[in-house]
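Structure first, then comments.
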Amino acid sequence: MSSRIAAFMREDFQFSVAPSVTRWCEENIVLPAKMAPASAGPFSIRRRPMMRSILECGHPQSGVRSLTITGGSQTLKTTCSIMVLAYRIAHSPMPTLILGNSEDWLRVEISEKRLAALIEENTCLRVHKPYDRTKFRSLYMEMSGGPIVFEGINSDTSTSGSTQGIVWICEAAKVKHHDSEQAPEAHPIKLAFERTKEFRGLELQMMDFSPNTPNHLAWKTYERGTQTHFNVPCPHCGHYFPFEFEVRRTGEEDEDLESILEAEQDRAVSDTYRSLIWSPDARRVDGTWDIARVRESARFICPKNGCEISDDHKPGMIEKYEEHHRNASAAMSDRSFRIPSFYAPKVSFGDMAKEFLEKGDLLSTGLQNFYNSWLGLPWSVLSYNVTEKHILALKGVYARGVIPSKPALLMLLADPGEKATHWAVIAAMPNGDLFYIDWGSVVAEKELLSPEFLRARQYYLAGTNEKLYPVVGYIDSSWNTEEVYDICQRSGGFLWPVKGDPRAVGTWNETRAASRTMDVRLYTYSDTQLKDEFYGRRIQRKKGPRIVIPVDADFELLHGLSAQQKDRQTGLWKRVPQDHLGDCGKYALLGSQIGRAAGLLAF
């Protein structure tokens, strides 16, 4: 194609290329006072430039099929969704279903106050209305490119028979799953998104909400996505970081919420705190806070160099934002965003400090509202929360590859996975202490029995010339089960398969592997009880026999043991990625319990 023809096509056929969502909205959309009482007028992202990243996900050529927006109050989650929908009405119309917890709320808050008012205000949208006004109602709008239907997600008017190109769920965290053993059914959010099957590859599934608990499907959908945060530069040193409150509850059972809150407040005025702080002088003699003094002295501290940041710096920082995807494994077609209220232009640092202190006075109820509606974080009271300080406290005085004292058992533990099999050599002492000696990974499970690998698993006993080898091994059989069983059988009694059983009520049980080709002894265990003992009692609370790691433990081991949390409400441990070496320790605990039953350990 000649440059002349190309230039002609660019000039005469530009109408075939859909403009960016942000540009079109800013050039064509006027927000009515009914929809935006405090900011009526031409739509603009000038004060909230990070909206661009969210809006462009609504472009039909963006490749985005799932858009999840969660965050605090006044962060324009719903406005972003409305703008995407308005753009689609004008450029890529499809049958659309808008769902909320109740039809009454949808009719008033979403249809009448927002979408209908926006359509009436703007000619570019109004031209797509039907001439027959009976076909443009609060809960049904027969637009030229496809109908827009509003439904209560749990209403009797089922969506199961409809086909939709766009499904938008408003305030998704308020959607409840009413299930029963007599009539089991998928979560309403899943059922709603199933309506887009006929448009697969072209569909858009949108959801916005302020989170409540970490176990709700809405939050899990956010976690499955890109988990995009907006990092901003320090105005003094240029270091990029996200606006976060950064205070975290310890989650330990022996601390009540009042003591936790007090510890957080004390930390918030310390010299070493690296987030929102305020003047120590704001605390009165009686221990209460002078809120006016807190608000005027509140400032944000750069987490890199401790630079002080004021509210005046915020607009310039947000203008230079960068996207940071915390879930690197998510597909870019599955976008999710979290926006704390720090990013709202009308919310000051003082407002955030005031909300924390005043809501904190209400203990659990108030703090939950602060976490949900201001930080955009789910709230949960944790039975156990294994932090970095707990892991660093495990360090002993021996080096990696050296056994500090004579063990009762030296074990090889392995956790197979899709990309690699992680292994660890752990010594069980007569008193039940577990010492990490060595760790690493191999590509395939069968390498665990290779002569090269086994020869390298010799370790000096401290203060002697004696070399010890692992005498028994345990390997998880949840992944690549038949291959693991085969390896265990070929090991001649050295390796034994183990498997967590969610129905198990005891600590562990010996059974037979369910294999058609071999007869292998299998050890099943209660995953919850082993984690309670390993992470909760031994690591966090430092009770009972110890878990010890070498003084030169590397990041791989420290990371593999970290971030374990147990929700007190559900009694479930949170799934943590890349915790293979922690799982190896869990299998070593199981091995020590089996050894104790055989009389090899005395704890």
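Exactly one residue out of Asp552, Asp583 is in contact (Cβ under 8 Å) with a residue 12 or more places away in the chain and in a helix (DSSP H, G or I), and it is Asp583. Among the residues of segment 104-130, those identified as closer than 13 Å to Glu151 by Cα and open to solvent by 80 Å² or more (accessible area, probe 1.4 Å) are Asp104, Trp105. Would you say Asp486 is out of contact with any Cys (no Cβ under 9 Å at 6 or more places or on another chain), of a type in the set (Asp, Glu) and assigned to a helix (DSSP H, G or I)? Criteria met by Asp486. Looking across Arg65, Arg52, Arg133, one residue alone is open to solvent by 60 Å² or more (accessible area, probe 1.4 Å) and at pLDDT 95 or above. It is Arg52. A search for C-beta distances below 9 Å between a residue of segment 74-85 that is more than 15 Å from Phe342 (Cβ to Cβ) and any residue that is open to solvent by 10 Å² or more (accessible area, probe 1.4 Å) and in a helix (DSSP H, G or I), counting only pairs 6+ apart in sequence or on different chains, returns Thr78/Glu109; Thr78/Arg114; Thr79/Arg114; Ile82/Arg114. List pairs: first residue in segment 466-493 and over 15 Å from Ser450 (Cβ atoms), second residue hydrophobic (A, V, I, L, M, F, W, C) and in a helix (DSSP H, G or I) anywhere in the structure, Cβ distance under 6 angstrom, at least six positions apart or on different chains. Close Cβ pairs (under 6 Å, with a partner that is hydrophobic (A, V, I, L, M, F, W, C) and in a helix (DSSP H, G or I)) amount to Ser477/Val484. Here Trp219 clears all of (1) out of contact with any Asp or Glu (no Cβ under 8 Å at 6 or more places or on another chain); (2) in a loop (DSSP other than H, G, I, E, B) except the condition numbered (2).
Specify the residue that is farthest from the chain's Cα centre (by Cα); the eligible residues are those in segment 52-67 that are of a type in the set (S, T, N, Q) and not in a loop (DSSP other than H, G, I, E, B). It would help to see each step written out before you state the result.
Going through segment 52-67, the residues of a type in the set (S, T, N, Q) turn out to be 53, 61-62, 66.
This time we only want the ones that are not in a loop (DSSP other than H, G, I, E, B), so: 53, 66.
Details: Ser53: 19, Ser66: 16 Å.
That would be Ser53.
Looking at Gly463, Gly500, can you tell me which residue is open to solvent by 20 Å² or more (accessible area, probe 1.4 Å) and without any contact (Cβ under 8 Å) to a residue 12 or more places away in the chain? Among Gly463, Gly500, only Gly463 is open to solvent by 20 Å² or more (accessible area, probe 1.4 Å) and without any contact (Cβ under 8 Å) to a residue 12 or more places away in the chain. If you go through segment 273-301 and pick out every residue that is closer than 16 Å to Cys234 by Cα and open to solvent by 20 Å² or more (accessible area, probe 1.4 Å), you end up with 2. Considering (1) of a type in the set (Gly, Ala, Ser); (2) outside any strand (DSSP E or B); (3) closer than 30 Å to Tyr460 by Cβ, say which one Ala414 fails and leave the rest. Among (1) of a type in the set (Gly, Ala, Ser); (2) outside any strand (DSSP E or B); (3) closer than 30 Å to Tyr460 by Cβ, Ala414 violates only (2).
Within segment 68-108, the set of residues being of a type in the set (Val, Ile, Thr) and not in a helix (DSSP H, G or I) comprises Thr68, Ile69, Thr70, Thr75, Thr96, Ile98.
For segment 413-439, the set of residues classified as crowded, with 22+ Cβ neighbours inside 10 Å, in contact (Cβ under 8 Å) with a residue 60 or more places away in the chain and touching a helix residue (DSSP H, G or I) at 6+ places or on another chain (Cβ under 7 Å) consists of Leu413, Ala414, Asp415, Pro416, His422, Trp423, Ala424, Ile426, Ala428, Leu434, Tyr436, Trp439, listed by residue number.
Would you confirm whether any residue within segment 578-592 is closer than 20 Å to Ser441 by Cβ and among the basic types (Lys, Arg)? Yes - at least one qualifying residue is present in segment 578-592.
Residues of segment 80-103 that are touching a strand residue (DSSP E or B) at 6+ places or on another chain (Cβ under 8 Å) and open to solvent by 10 Å² or more (accessible area, probe 1.4 Å): Ile89, Pro93, Met94, Pro95, Asn101, Ser102, Glu103.
Would you call Lys304 loosely packed, with under 14 Cβ neighbours inside 10 Å, of a type in the set (D, E, K, R), in contact (Cβ under 8 Å) with a residue 12 or more places away in the chain and in a loop (DSSP other than H, G, I, E, B)? Here the answer is no, as Lys304 does not meet what is asked. Any residue in segment 374-391 that is more than 24 Å from Glu296 (Cβ to Cβ), modelled with pLDDT of 90 or more, over 20 Å from the mean Cα position of the chain (by Cα) and crowded, with 17+ Cβ neighbours inside 10 Å? Yes, some residue in segment 374-391 is more than 24 Å from Glu296 (Cβ to Cβ), modelled with pLDDT of 90 or more, over 20 Å from the mean Cα position of the chain (by Cα) and crowded, with 17+ Cβ neighbours inside 10 Å.
Give the residue, chosen from Gly401, Gly376, that is of a type in the set (Gly, Ala, Ser), within 30 Å of Gly71 (Cβ to Cβ) and touching a strand residue (DSSP E or B) at 6+ places or on another chain (Cβ under 8 Å).
Numbers: Gly401 fails: within 30 Å of Gly71 (Cβ to Cβ).
After applying the criteria, what remains is Gly376.
The values are calculated or read from the model by the stated rules, or taken from the named source; none is laboratory data. Because the structure is a prediction, the values reported are computed rather than measured. For neighbour counting, all protein chains shown are included, and Cβ atoms are generated from backbone atoms with ideal geometry for every residue, glycine included. Keep in mind that these areas ignore ligands, DNA and RNA; they rest on the heavy atoms of the full protein, side chains included. Shrake-Rupley method; radii C 1.70, N 1.55, O 1.52, S 1.80 Å.
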